[in-house]
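Heads up, the thing below is written out as structure tokens.
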Amino acid sequence: MWIAVVPAYNEAASISNVIKNIFRAPVNMVIFVANGCTDCTCSEAIRAAEDKALKILHFPEPLGVDIPKAVGAVYALKYRPRGVIFIDGDMNGPLLPLILDLIMAVESGADLALTNCYPNNQYLSELAQKVWQARQELNMRLGLFEKLGVATPSHGPHACSGSLLQQIDLRSLAVPPKLLVQAHLLSARIEIGGSFPHSLLGSSQRSPFHAEKIAATIIGDCQEALSPIDPAAAAGISSAGYRKLRRFDILEQVLSANNYQSK
């Protein structure tokens with residue numbers, strides 16, 4: 001069984017394409033994590049799913065970046081899936097080939113299949129270069145740079161085997177670079193599942209302010225992820241960006257309600 005976890009915060013304009021792309025692939029169920037939505041995102045998702053299996057987890061307030069992925073994974077594990085694919089609700093680009101590639105990577109033995117969002121060495125802004133450097137540093141420290149480049153669970157759709165999700169602490173999904181580190185420490189098989197330029201993902205265009213916040217979030221996440229392999233890195237962890245807005249308290253409530261045992 002394959003499950004897709006789709007977080008969304010006011011994505012009425014894009015969610016229909018996202019859901020339809022997913023159900024064109026061999027995905028049996030979508031777990032849709034609607035958090036803080038004040039528009040018609042949920043009704044659009046229901047309409048797009050038609051008669052297919054769509055489970056909506058509704059939270060009246062925003063959970064913060066990446067927390068919905070962890071929440072969705074908690075529920076996905078109840079179904080003992082072969083694999084789970086994570087796709088943000090604003091990624092309405094032509095993603096079907098990528099979804100198929102990610103699923104095939106896991107079916108072929110990968111435990112964590114990532115997307116290479118920079119396949120053509122395109123020009124990067126100064127801000128993007130800073131994020132690139134943080135991702136490069138992490139992957140180099142893990143000995144994965146030659147294999148993965150700067151690919152990360154923070155950027156683009158990615159897929160996990162059901163086996164990996166059973167072994168990791170699901171809280172790591174809320175800080176995506178920590179998922180990469182945990183998979184590495186478990187000697188899991190990590191692969192590039194597919195290549196897809198960032199410009200084609202279809203993600204919403206955001207303000208420069210938002211771009212700076214996201215960049216700071218990813219940089220801080222990479223620093224935090226380094227802590228288990230370099231305790232000294234913990235001293236430099238940044239709390240900038242959106243990191244403080246993550247509702248770990250709600251995630252803990254979900255874990256407790258589902259009798260989740262920490263790994």
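The values are calculated or read from the model by the stated rules, or taken from the named source; none is laboratory data. Not measured: the values here are computed from a predicted model. Don't worry about glycine lacking a Cβ; one is built from the backbone with ideal geometry, like all the others, and counts go over all protein chains shown. When the accessible area is computed, the model is the full protein with side chains, heavy atoms only, and any ligands, DNA or RNA have been set aside. Shrake-Rupley method; radii C 1.70, N 1.55, O 1.52, S 1.80 Å.
Of all residues in region 1-15, those being polar (S, T, N, Q) and either closer than 21 Å to Ile103 by Cβ or open to solvent by 30 Å² or more (accessible area, probe 1.4 Å) (or both) number 1. Within region 92-116, being aliphatic (A, V, I, L, M) and touching a Ser or Thr at 6+ places or on another chain (Cβ under 6 Å) holds for one residue alone: Val106. On the stretch given as region 50-69, residues that are under 25 Å from Ala257 (Cβ atoms) and either open to solvent by 50 Å² or more (accessible area, probe 1.4 Å) or of a type in the set (Phe, Trp, Tyr) (or both) total 7. Close contacts from region 165-186, counting a first residue that is over 21 Å from Glu252 (Cβ atoms) and a second that is among the acidic types (Asp, Glu), with Cβ to Cβ under 7 Å and a gap of 6+ residues or different chains, come to Ala183/Asp111.
Say whether the condition of being within 24 Å of Val6 (Cβ to Cβ), open to solvent by 40 Å² or more (accessible area, probe 1.4 Å) and hydroxyl-bearing (Ser, Thr, Tyr) is met by at least one residue in region 124-132. No, the conditions are met nowhere in region 124-132. When the test is whether a residue is out of contact with any strand residue (DSSP E or B) (no Cβ under 9 Å at 6 or more places or on another chain) and among the β-branched types (Val, Ile, Thr), Val74 passes it.
Does region 185-199 include one or more residues that are of a type in the set (Phe, Trp, Tyr) and open to solvent by less than 50 Å² (accessible area, probe 1.4 Å)? Yes; the residues of region 185-199 include at least one that is of a type in the set (Phe, Trp, Tyr) and open to solvent by less than 50 Å² (accessible area, probe 1.4 Å).
The condition of being in contact (Cβ under 8 Å) with a residue 60 or more places away in the chain and under 16 Å from the mean Cα position of the chain (by Cα) does not hold for Ala151.
The set of residues in region 151-188 that are more than 16 Å from Ala70 (Cβ to Cβ) and in contact with a Gly (Cβ under 6 Å, 6 or more places away or on another chain) contains only Ser161.
State which residue pairs qualify: first residue open to solvent by less than 40 Å² (accessible area, probe 1.4 Å) and inside region 102-118, second residue among the basic types (Lys, Arg) in any location, beta carbons under 9 Å apart, and separation of 6 or more residues or different chains. Pairs that qualify, where the first residue is open to solvent by less than 40 Å² (accessible area, probe 1.4 Å) and the partner is among the basic types (Lys, Arg), are Val106/Arg82; Gly109/Arg189; Ala110/Arg189; Asp111/Arg189; Leu112/Arg189.
Every residue, every condition in (1) in contact with a strand residue (DSSP E or B) (Cβ under 7 Å, 6 or more places away or on another chain); (2) not in a loop (DSSP other than H, G, I, E, B), yes or no:
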{"residue": "Ala128", "(1), (2)": "no, yes"}
{"residue": "Gln133", "(1), (2)": "no, yes"}
{"residue": "Met140", "(1), (2)": "no, yes"}
{"residue": "Ser154", "(1), (2)": "no, no"}
{"residue": "Ser163", "(1), (2)": "no, yes"}
{"residue": "Gln182", "(1), (2)": "no, yes"}
{"residue": "Gly193", "(1), (2)": "yes, yes"}
{"residue": "Ser203", "(1), (2)": "no, no"}
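Kindly establish whether Gly72 is buried (at least 18 other Cβ atoms within 10 Å of the Cβ), small (Gly, Ala, Ser) and touching a helix residue (DSSP H, G or I) at 6+ places or on another chain (Cβ under 6 Å). Judged against the criteria, Gly72 is not a match.
Restricting Ala257, Ala232, Ala215 to residues that are hydrophobic (A, V, I, L, M, F, W, C) and open to solvent by less than 50 Å² (accessible area, probe 1.4 Å) narrows the list to Ala215.
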